[in-house]
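Notes to accompany the following structure.
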Amino acid sequence: MAGLFVDDRPVAGYARVAVEQGVDVAGEGLTYAVPAGMDGVAVGARVSVPLGRGNKPASGYVVGLRSVGDGPGEGLKPTRVKAVLSVDRDGLALPTELIELARWVAGYYACPLGMVFASVLPGGVKRGAGLAKQKWVTLETEAGDGVRMTKQVKAVLEVLATEREMELKALLAAAGVRSAGPVERLAQAGVVSIETRVDLRAGLDVAAERVAARLSERPTPSADQAAAIDRIGGALDAFGVHLLRGVTGSGKTEVYLRLIERLLNETDRGAIVLVPEIALTPQTVGRFVARLDHAGEGGAPGGVAVLHSGLTPAQRHAQWQRVRRGEARVVVGARSAVFAPMQRVGLIVVDEEHESSYKQDQLPRYHARDVAIKRGQMAGAAVVLGSATPSLESWHHAKSGRYELVELPHRVPGLNVPRVEVVDLVEERRAQRGIHLISQRLEHELRTTLDRGRQSLVLLNRRGFASWVACPDHRCGWQMACDRCDAMMVFHLRGGGTTNEDGREVPRGYVRCHHCEAQRMLEQHCPVCGKRTTLFGLGTQRVETELAKKLPGARVERMDRDTMTRPGDYERVLGRFEAGEIDVLLGTQMIAKGLDFPGVRLVGVISADTAIHLPDFRAAERTFQLVSQVAGRAGRGSEPGVVIVQSFDPTVDAIARAVAGDYVGFAEAELATRDEAGLPPVRRMARVVLRDKDQAACHRRAAATADLLGDAIAAESAGQRVTLRGPMACAMAKLADHHREQVMLLADDAGTLQRVLTAARNRGRLVSDTHTAIDIDPVALL
């Protein structure tokens, strides 16, 4: 025995616990003693432990166990080890597979293990959202002579004779009894038993998320689809990564559905389907529910669970428990659904795998696509990455043989390839007086589409009304910048307009920083020279205003972060669009992804140039993907679609190839550029961002970090394989009152990068905290 602890109980063993806080001990958690008689302490169990000098209770997960004979571990005295306080009794234990996956995430993404668990378990599950205590009455035996058979007692016994057990309130109502007295007297006599049960109440009618009856149709696969289904379906019994590159409208979702049907019918395993935006969830869930509640013809029920941030905490808790209990064999959700507590995963689908929203921008900074691949490897499950415009990382792996490339080069029969036209905005401005965001060509097609009773999608990946406010006098040069960030304030419209003394209509509203969300009133006059300020640039609100003027009577709806603020907003708008109640759907990139509406004849891209000149090496890739994806929303019905792409420089390679539909040409040219510059995906990248309100302190931290990483490179003899860049200012050098500098590592492979980072952590303090962000495989460099 190793000593006595709480209540004089001897120690039964030791547990390593990853506390859900930023406590990092080589990714192994903290050691606690397990008192004798405490049941349920196993790997994956959620426990409460004392933390810090004040022994404040903290939650965590058991990640390892040691016997009493082995002791608490090297350097630990048994008499100094604190004891586990309690074990969670609400069924929150995680499968061993998720424990190991969390270990990998913590190690690969340089994050404290407890912080990974904080993301693995949804907040509503931790808080027990939706849990309600109920009293249940069970008939145990017949009433003996000692029971006084009143009218109310007889009524209760008559109901229980049929039902055997009932919830107390329901029993009283069925028996016509007002108080629980008769039931309590029966319990005292041993005729019935009363127990308190915890019930999870959170209704989510998944079937109600069906967008239309057409989603339940089971179309005959095209030749391309059939080949893809056979090829991937023949490999569902083992781990492998399959990149499904299918042009928009080629029927990738039908391939996913057929593969899941085969999995459910032929095995006892389940499937996880990831989508990049909750805006896609209603259509995706609707299609999957309609098809997989009874997979195949007379097949086994699939049961579909939904996990995304648009649910209430109680709904998310209920869905999570359904998965954990095995009631749902299919999970559809956004990024965090990769951690669904499914016991036997056989297939993981990552739809629109190129989307940057799969990367989390706070601890733990994981990429759901890459975590999905790792989970598939651990579970021996097949992984399917689907996209019309794959990320260059996935394309590079497919071309090098790491992934299997499966292609759908044609749209499904009945869908025509849309006609794509380019409008040069420079030429347009020469031909049309005034400032017009909508070109004459696009305006004509919008009117034609409206006259035909069809629908249009209009994309502008920029919110607000005007992207900057400035003095009109270029000699003055004043611009309205954010006081807290290196960014311009964006003007947002509020209400109608006012008329100034010159008879001009002046928009009324406020300015906001889209980085720190600081907000204030618009400066009407330049603070330097006094001239009336002018609004420059464009945003979705400005396009909405112009659409109202040029298309009077058209039903226009705007979909961006400013309008989609409440749970259900996405479903409401998309449901109205599906029903034909909206003529023109205007929005940011959220309308460019995966939406399938047969009524859309026209897609208009207001400006293809919004992101092409950002100081980020992925800018061209994102531009190509966005233009290609939104163009693919047109022509999904019986008639051909039209796509109008407006650009100030249509000759830019990313735009020209997107218009031509030349993904392979773009990918090969961009990969050659990345190879020459030594950038991902040819090499692997880690980015360390240092932040501090004091600029000098920020620079000192960055310099120290660069020295630490340089020493680690030398210690690992990795000088020829690792490039150190920095310290240097970030592209946005100030964000939310914090100065920012960065240090970057570029390595030939992930293993070398991880060894250098591990050596740096072992040599000094290199950990993600409030001042330091370690981002492995970053997708954005601003």
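Within the bounds of segment 638-650, is there any residue that is in a loop (DSSP other than H, G, I, E, B), at pLDDT below 95 and within 28 Å of Asp370 (Cβ to Cβ)? Within segment 638-650, not a single residue is in a loop (DSSP other than H, G, I, E, B), at pLDDT below 95 and within 28 Å of Asp370 (Cβ to Cβ).
Among residues that are charged (D, E, K, R), open to solvent by 50 Å² or more (accessible area, probe 1.4 Å) and touching a residue at least 60 places away in the same chain (Cβ under 8 Å), Arg721 is not included. Got at least one residue in segment 39-53 being out of contact with any strand residue (DSSP E or B) (no Cβ under 9 Å at 6 or more places or on another chain) and open to solvent by 10 Å² or more (accessible area, probe 1.4 Å)? Yes, segment 39-53 contains at least one residue that is out of contact with any strand residue (DSSP E or B) (no Cβ under 9 Å at 6 or more places or on another chain) and open to solvent by 10 Å² or more (accessible area, probe 1.4 Å). When residues in segment 433-485 are screened for being outside any loop (DSSP other than H, G, I, E, B) and either within 19 Å of Arg532 (Cβ to Cβ) or open to solvent by less than 50 Å² (accessible area, probe 1.4 Å) (or both), 17 of them pass.
Which of the residues that make up segment 688-718 are surrounded by 16 or more Cβ atoms within 10 Å (Cβ to Cβ), over 16 Å from Arg761 (Cβ atoms) and either in contact with a Cys (Cβ under 8 Å, 6 or more places away or on another chain) or not hydrophobic (A, V, I, L, M, F, W, C) (or both)? Those that are surrounded by 16 or more Cβ atoms within 10 Å (Cβ to Cβ), over 16 Å from Arg761 (Cβ atoms) and either in contact with a Cys (Cβ under 8 Å, 6 or more places away or on another chain) or not hydrophobic (A, V, I, L, M, F, W, C) (or both): Val689, Arg691, Asp692, His699. Taken over segment 120-135, the residue count meeting the criterion of being buried (at least 20 other Cβ atoms within 10 Å of the Cβ) and closer than 21 Å to Leu30 by Cα is 2. Using the structure shown, decide if Thr96 is surrounded by fewer than 15 Cβ atoms within 10 Å (Cβ to Cβ) and over 30 Å from Gly176 (Cβ atoms). Considered against the rule, which asks whether it is surrounded by fewer than 15 Cβ atoms within 10 Å (Cβ to Cβ) and over 30 Å from Gly176 (Cβ atoms), Thr96 comes out as yes. When the residues of segment 18-29 are filtered to those that are open to solvent by less than 40 Å² (accessible area, probe 1.4 Å) and modelled with pLDDT under 90, the one that is nearest to Gly75 (Cα to Cα) is Gly29.
The one condition from (1) at negative phi; (2) in contact with a helix residue (DSSP H, G or I) (Cβ under 9 Å, 6 or more places away or on another chain) that Glu639 does not meet is (2). Going through segment 341-371 one residue at a time, which ones are open to solvent by less than 10 Å² (accessible area, probe 1.4 Å), under 22 Å from Gly107 (Cα atoms) and either of a type in the set (Gly, Ala, Ser) or in a loop (DSSP other than H, G, I, E, B) (or both)? Pro341, Pro364, Tyr366, Ala368, listed by residue number.
Conditions tested, residue by residue: (1) part of a strand (DSSP E or B); (2) within 28 Å of the chain's Cα centre (by Cα).
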{"residue": "Pro681", "(1), (2)": "no, yes"}
{"residue": "Met728", "(1), (2)": "yes, no"}
{"residue": "Met744", "(1), (2)": "yes, yes"}
{"residue": "Leu753", "(1), (2)": "no, yes"}
{"residue": "Arg761", "(1), (2)": "no, no"}
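Which condition from (1) in a helix (DSSP H, G or I); (2) in contact (Cβ under 8 Å) with a residue 40 or more places away in the chain; (3) under 27 Å from Ser394 (Cβ atoms) is the one that Asp711 breaks? Only one criterion is unmet by Asp711, namely (3). Within segment 415-428, being modelled with pLDDT of 85 or more and of a type outside the set (A, V, I, L, M, F, W, C) holds for Pro418, Arg419, Glu421, Asp424, Glu427, Glu428. Are any residues in segment 154-169 among the charged types (D, E, K, R) and on the phi < 0 side of the Ramachandran plot, and if so, which ones? Within segment 154-169, Lys154, Glu158, Glu163, Glu165, Glu167, Lys169 qualify.
Here Asp769 passes the criteria (1) out of contact with any strand residue (DSSP E or B) (no Cβ under 9 Å at 6 or more places or on another chain); (2) assigned to a helix (DSSP H, G or I); (3) touching a residue at least 12 places away in the same chain (Cβ under 8 Å); (4) open to solvent by 30 Å² or more (accessible area, probe 1.4 Å) except the one numbered (2). State whether one or more residues within segment 659-677 are in contact with a Leu (Cβ under 9 Å, 6 or more places away or on another chain) and either over 29 Å from Ser394 (Cα atoms) or in a loop (DSSP other than H, G, I, E, B) (or both). Taking every residue of segment 659-677 in turn, none turns out to be in contact with a Leu (Cβ under 9 Å, 6 or more places away or on another chain) and either over 29 Å from Ser394 (Cα atoms) or in a loop (DSSP other than H, G, I, E, B) (or both). So Ser86 fits all but one of (1) of a type outside the set (D, E, K, R); (2) over 19 Å from Val49 (Cα atoms); (3) surrounded by fewer than 17 Cβ atoms within 10 Å (Cβ to Cβ); what number is the exception? Status for Ser86: all satisfied but (2).
Looking at Val406, is it open to solvent by 30 Å² or more (accessible area, probe 1.4 Å), part of a strand (DSSP E or B) and β-branched (Val, Ile, Thr)? Taking the combined requirement at face value, the residue does not satisfy it.
Taking segment 136-151 as the range and being modelled with pLDDT of 80 or more and open to solvent by 80 Å² or more (accessible area, probe 1.4 Å) as the test, the residues that pass are Glu140, Glu142, Arg148, Met149, Lys151.
Within segment 499-524, residues that are within 21 Å of Thr545 (Cα to Cα) and in a loop (DSSP other than H, G, I, E, B) reach partners that are open to solvent by less than 40 Å² (accessible area, probe 1.4 Å) and modelled with pLDDT under 90 with beta carbons closer than 6 Å, at six or more positions or on different chains, in the pairs Asn500/Val506. Checked against (1) among the β-branched types (Val, Ile, Thr); (2) at pLDDT below 95; (3) open to solvent by less than 10 Å² (accessible area, probe 1.4 Å), Thr248 passes all but condition (3).
In summary, Thr565 fulfils each of the numbered conditions (1) open to solvent by 60 Å² or more (accessible area, probe 1.4 Å); (2) modelled with pLDDT of 90 or more with the single exception of condition (2). Suppose the filter is open to solvent by 40 Å² or more (accessible area, probe 1.4 Å), under 29 Å from the mean Cα position of the chain (by Cα) and touching a residue at least 60 places away in the same chain (Cβ under 8 Å); does Glu621 pass it? No. You will find that of Arg687, Arg701, Arg740, the residue that is in a helix (DSSP H, G or I) and of a type in the set (D, E, K, R) is Arg701 and no other.
The values are calculated or read from the model by the stated rules, or taken from the named source; none is laboratory data. Just so it is clear, the structure is predicted and the values come from calculations on it, not from any experiment. Here the Cβ is made from the backbone with ideal geometry for all residues, glycine too, and neighbour counts use every protein chain on show. Heads up: the accessible areas ignore ligands, DNA and RNA and are worked out on the full protein's heavy atoms, side chains in. Shrake-Rupley method; radii C 1.70, N 1.55, O 1.52, S 1.80 Å.
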